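The next block holds one structure in the form of structure tokens; read it before the comments.
The values are calculated or read from the model by the stated rules, or taken from the named source; none is laboratory data. Just so you know, these numbers come straight off a predicted model, no measurement behind them. FYI the Cβ positions are ideal-geometry reconstructions off the backbone, even for glycines, and counts take in every protein chain you see. Please note that ligands, DNA and RNA were not included when accessible areas were found on the heavy atoms of the full protein model with its side chains. Shrake-Rupley method; radii C 1.70, N 1.55, O 1.52, S 1.80 Å.
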Amino acid sequence: MNTAAPTIANVSSAPGPEVVTSDTRGGVVVVHRNGSVSWRFSLDETHWSAPSVWQAPTVNDFDADGSPEILAGSSRGPLLLSANGTVDWQQNGSGTYTATAQVDDDPAIEVFTAGTSSIRAYDSQTGEREWQRNLTNARIRATADADDGARVDLYLGRVGGAFLTLDAQSGETEWSTRDLKKAIRSFHYPSSVTLTVTLAPKWSGY
């Protein structure tokens, strides 16, 4: 049962892109453009108990080795799969929501995860954790240098209406607010980022 839009990317050496998708039972599958399955991988094989993948996998050359990898965030933690479906690394700790960005001089792209209780940053080449912030019920909405500060920020939303940004390199809070209208007015949108904020309608009762 798919729960997110599939990712279209060139994963294999075959010409043209493939379809990369996932499901709530912790499965990742790569399908050729003619509909044939290239490979399937179940997160159960990593000895996680009942993992689930809710967000579409991300495909990129994360470790700058010239070959694409597939990042899958799950309820049990993030893992990076090679182009042929083998595990490059995995980390324990809820990582249901993921984002990626280049934030330092290291050629490897950083991986950011949001789970039930924390935000974490990983080096995509080694899988080592770079920092962690204890923030409950947060979702990463975007990564961008939106304030022209020459540093990438993480833009987060939290249950209860809070909106905040973290310095992607250190994890420190840049600013936070519960006034979403004010935050939207002051946000300078770069051309490469789309930020969507959904406000619940006011209940009028009966």
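Against the empirical curve 2.2 N^0.38 Å, the C-alpha radius of gyration of the stretch 131-179 lands at a ratio of 1.07. Extending 7 Å from the Cα toward the beta-carbon at both residue 177 and residue 44 defines two label points whose distance is 4.8 nm.
Here the stretch 88-151 is treated as an ellipsoid with the same Cα gyration tensor; its semi-axes, largest first and in whole Å, are 19, 17, 9. Taken along the Cα-to-beta-carbon direction at a fixed 7 Å, the label points for residue 151 and residue 106 span 1.7 nm.
Between residue 32 and residue 167, residue separation times 0.36 nm minus the direct Cα-Cα distance comes to 44.8 nm. Per-residue extension of 0.36 nm, minus the Cα-Cα distance of residue 116 and residue 86, leaves a gain of 8.1 nm for this segment. With coordinates expressed along the principal axes, the C-alpha atoms belonging to the stretch 26-140 extend over 43, 35, 22 Å, beginning with the largest.
R0 = 30 Å: FRET efficiency of residue 54 with residue 134, Cβ-based, nearest 0.05? Computed FRET efficiency for residue 54 and residue 134: 0.90. Shown for the stretch 77-132: the carbon plus sulfur share of the solvent-accessible area, taken with all protein chains present and a 1.4 angstrom probe, equals 40%. Across the stretch 98-112, coupling constants 3J(HN,Hα) worked out from phi with the 6.51/-1.76/1.60 Karplus curve, θ = phi - 60°, read 10, 8, 9, 6, 8, 10, 9, 7, 5, x, 6, 7, 7, 10, 10 Hz, and Gly and Pro carry x. Judged by the mean number of other Cβ atoms found within 10 Å, the most tightly packed of the peptides 74-81, 56-63 leads the ranking 74-81, 56-63.
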